[in-house]
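Engineer: Below is the structure I would like to discuss, written out as structure tokens.
The values are calculated or read from the model by the stated rules, or taken from the named source; none is laboratory data. As the structure is a prediction and not an experimental result, all values here were calculated from the model. Here the Cβ is made from the backbone with ideal geometry for all residues, glycine too, and neighbour counts use every protein chain on show. Accessible surface is based on the protein model in full, side chains and every heavy atom, while ligands, DNA and RNA are left aside. Shrake-Rupley method; radii C 1.70, N 1.55, O 1.52, S 1.80 Å.
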Amino acid sequence: MKLIRNSALVAAVSLVALSANPAFAEKKDKNAPAAAPAAPAATSNVVQGIAVANLQAAIANTDAFRVAQQQRPVTYKPQIDQAQARGNALEAQIKPMIDRFNAARQGTMTPALQTQLQTQARAIQELQEKGKQEIQQILLPAALSEAFVNEQIEDKLDQAVQSAMTKNRVSLLLQPGAVIARANAYDLTDEIVTELNALLPTAQLVPPQGWEPREVREARAQQAAQQAGNRPAAAAPAAPAAPAGPQPEGR
């Protein structure tokens with residue numbers, strides 16, 4: 001996301017804050033007639049032009065994201081079933097090992113038993129880690145699909161935010177984590193969701209062959225740039241030798 005700055009808005013917010021300061025009020029003309037008490041506002045001191053938005057929630061609430069979440073278990077059912085079967089088989093393989101480990105722990109602890117327990121624990125851990133990697137590899141197509149859908153929505157996010165801010169006359173947009181407390185009147189998340197739905201009604205579920213997430217592509221590009229920068233510069237070709245001049249004649 002681009003950083004959006006508006007110096008005029010900052011100045012206006014500062015002016016509002018100063019106007020509410022008693023020290024500022026004391027500087028007014030003492031001879032001026034007292035103003036009539038203002039009627040209570042319908043909303044409690046809402047500063048126009050400022051809003052808060054949860055961008056991750058906006059992405060998750062779009063039609064494109066929700067439809068993809070519903071379609072993915074159907075499209076990738078073979079991989080999901082295979083991963084489930086592998087997980088069940090792994091659990092059946094590890095459970096007897098854990099039972100033997102727990103039973104051995106009940107015995108009198110000796111150096112030999114301690115070594116045995118360490119060996120068993122290491123075998124269980126290695127098997128669990130290997131099985132986890134296998135399951136992740138099986139589910140990789142589904143994981144890439146989710147990353148692909150997210151990236152399609154993220155590519156429209158900046159445009160959606162700008163459009164929502166323009167339509168709602170917002171000049172400064174903050175993340176929820178940057179605000180201690182706020183009223184609901186400041187939330188722009190739903191408006192951003194509306195803009196995203198208009199820009200991207202549906203997302204492509206299956207990524208193209210060989211597609212990689214943006215983070216992977218950027219990491220590869222950075223690594224390639226570093227490798228190119230570390231390569232020694234090619235040596236400049238040697239200048240041709242100057243032709244020999246006329247030899248002095250012997251006496």
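Engineer: Quick check: with the 1.4 Å probe, what order do F148, F101 take by accessible area, largest first? Intermediate results must be reported in sequence, preceding the final value.
Structural biologist: Working: F148 20, F101 40 Å².
Ranked list, largest accessible area first: F101, F148.
Engineer: Sorted by accessible area (1.4 Å probe), largest first, how do T194, T166 line up?
Structural biologist: Numbers: T194 85, T166 105 Å².
Putting T194, T166 in descending order of accessible area: T166, T194.
Engineer: Something else now. Just to verify a number: what accessible area does E91 come out at with the full protein assembly present, 1.4 Å probe, Å² rounded to tens?
Structural biologist: Its accessible surface works out to 120 Å², give or take rounding.
Engineer: Let me ask something else about it. Can you return the aspartates and glutamates within cross-link range of K132? Criterion is Cα-Cα under 17 Å, with same-chain partners fewer than 8 residues away left out.
Structural biologist: Output for K132: D81, E91.
Engineer: Counting Lys and Arg as +1 and Asp and Glu as -1, what is the net charge of the other residues whose Cβ lies under 15 Å from the Cβ of Q93? Could you put the intermediate results ahead of the total?
Structural biologist: Values: positive: R86, K95, R100, K130, K132; negative: E91, D99, E126, E129, E134.
Around Q93, the surrounding residues sum to 0.
Engineer: If amide H atoms are built 1.01 Å from N in the plane of the peptide, which residues on other chains or at least 5 residues away come under 5 Å of the amide H of V52?
Structural biologist: HN-HN under 5 Å from V52: L174, D187, L188.
Engineer: Cα to Cα, under 19 Å, and not fewer than 8 places away if on the same chain: which aspartates and glutamates meet these conditions relative to K77?
Structural biologist: E134, E146
Engineer: Whenever you get a sec, line up S171, S145 from highest to lowest accessible area (probe 1.4 Å, protein heavy atoms). Don't skip to the end; give the middle numbers.
Structural biologist: Details: S171 35, S145 0 Å².
Ranked list, largest accessible area first: S171, S145.
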